[in-house]
Amino acid sequence: MLIKKQAEIRSSDITDKKDYLNRRQFIRKTSQYTLNWASVIGGLSVIHTPPGNAALKLGEIKKGNYKVDDALTPLKDIIRYNNFYEFGTEKESPARLAKDFITDPWKIKVDGEVNKPAEYLLEDLIKPHTLEERVYRLRCVEAWSMVIPWLGVPLASVIKRLQPTSKAKYVEFTTLYDPKQMPGQRRQVLDWPYVEGLRMDEAMHPLSLLAVGLYGDVLPNQNGAPVRLVVPWKYGFKNIKSIVRIRFTENPPVSSWMSAGPREYGFYANVNPEVDHPRWSQAKERRIGEFLKRKTLMMNGYADEVAHLYQGMDLRKNF
Ligand SMILES: Nc1nc2c(c(=O)[nH]1)N[C@H]1C(S)=C(S)[C@@H](COP(=O)(O)O)O[C@H]1N2
Ligand SMILES: [Mo]
């Protein structure tokens, strides 16, 4: 059991958090004057959130109930090593190419099998809920991983307010399509826009998070600003970034990665060390910042929480 409940959080953890929040504040203050904050923390030159380009005012943040024992991945790695193909396929390109990405105002279209379809402003979807900090492991299908302190609201709370109909069995998410801003979309690397989906019970699971921030601040553009999905027991590609549409459906959505490689990427994409990718093993992973590989955990260490969702299913067929 690798998830700790609130009561087990040690005071040293709280100190760690204060340290990084202070550091983040320091970084932000500094950037208002002369320094680019990325250069303060990582020796990089071009990563920053343009001032005044954050739609969301992060109000009260409560400490969420989820935490892992593993050390947090340093912020400098989380913002430098990214998969966000809309901004290029190199790990370091999103940090560079997304720096002027405009995320304010941000609208999300809600449609399909739902009683409250509308175009919502992001802040109107988030405001009714208290932001939570949750530390989750992120395991990319490419066999690297990180530990990230997200800020967000339970996806279930947002979905409940939207009132899906009884026909809604799945939720489909879509990323912005805007090749002017997203240079990666000018090439047919994937079937744009990026689409992902969850079964309704997965979306309603308390671990599923709609994230609007990390390390105590709004999401850096390269991490999917202003809002992205975080489903920690699934491979990283399910965690769709910069969401502009949430559609409730009767039939399973077809994700961009399923269309790109149906033999390699399935709908469920649950982290599973026993089912290899056709081109590489999934038994181990490289935690960013660590030297030796570590064993990949079943459902990324969240099996106690989510395995019941897949009871009776063949996890090799439903990969
Ligand atoms: N729209 C969109 N969402 C995306 C991706 C992408 O290319 N486009 N990459 C996915 C993959 S493969 C991973 S591992 C995670 C990486 O998130 P991070 O860069 O914040 O670590 O985002 C996921 N979400
Ligand atoms: Mo990934």
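Below, the figures for the structure above:
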item	result
Rounded percent of accessible protein surface that carbon and sulfur make up, segment 11-310, 1.4 Å probe	52
Proximal charge balance of Asp100 [Cβ under 15 Å; K/R count +1, D/E count -1]	0
Highest-first arrangement of 261-267, 310-316, 180-186, where packing means the average Cβ count within 10 Å	180-186, 261-267, 310-316
Cα shape, segment 11-310, gyration tensor, a/c 1.5 rule	rounded
Peptides 74-82, 164-172 ordered by average Cβ neighbours within 10 Å, highest first	74-82, 164-172
Cβ-derived FRET efficiency at R0 41 Å, Lys295 paired with Lys57, nearest 0.05	0.50
Listed peptides 269-279, 284-294 by packing density, highest first (mean Cβ within 10 Å)	269-279, 284-294
Length released on extending from Arg186 to Ala307, taking residue separation times 0.36 nm less the Cα-Cα span	39.6 nm
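The values are calculated or read from the model by the stated rules, or taken from the named source; none is laboratory data. Because the structure is predicted, anything quoted here is derived from the model rather than measured. Don't worry about glycine lacking a Cβ; one is built from the backbone with ideal geometry, like all the others, and counts go over all protein chains shown. Protein only, heavy atoms only, side chains kept; ligands, DNA and RNA dropped before computing areas. Shrake-Rupley method; radii C 1.70, N 1.55, O 1.52, S 1.80 Å.
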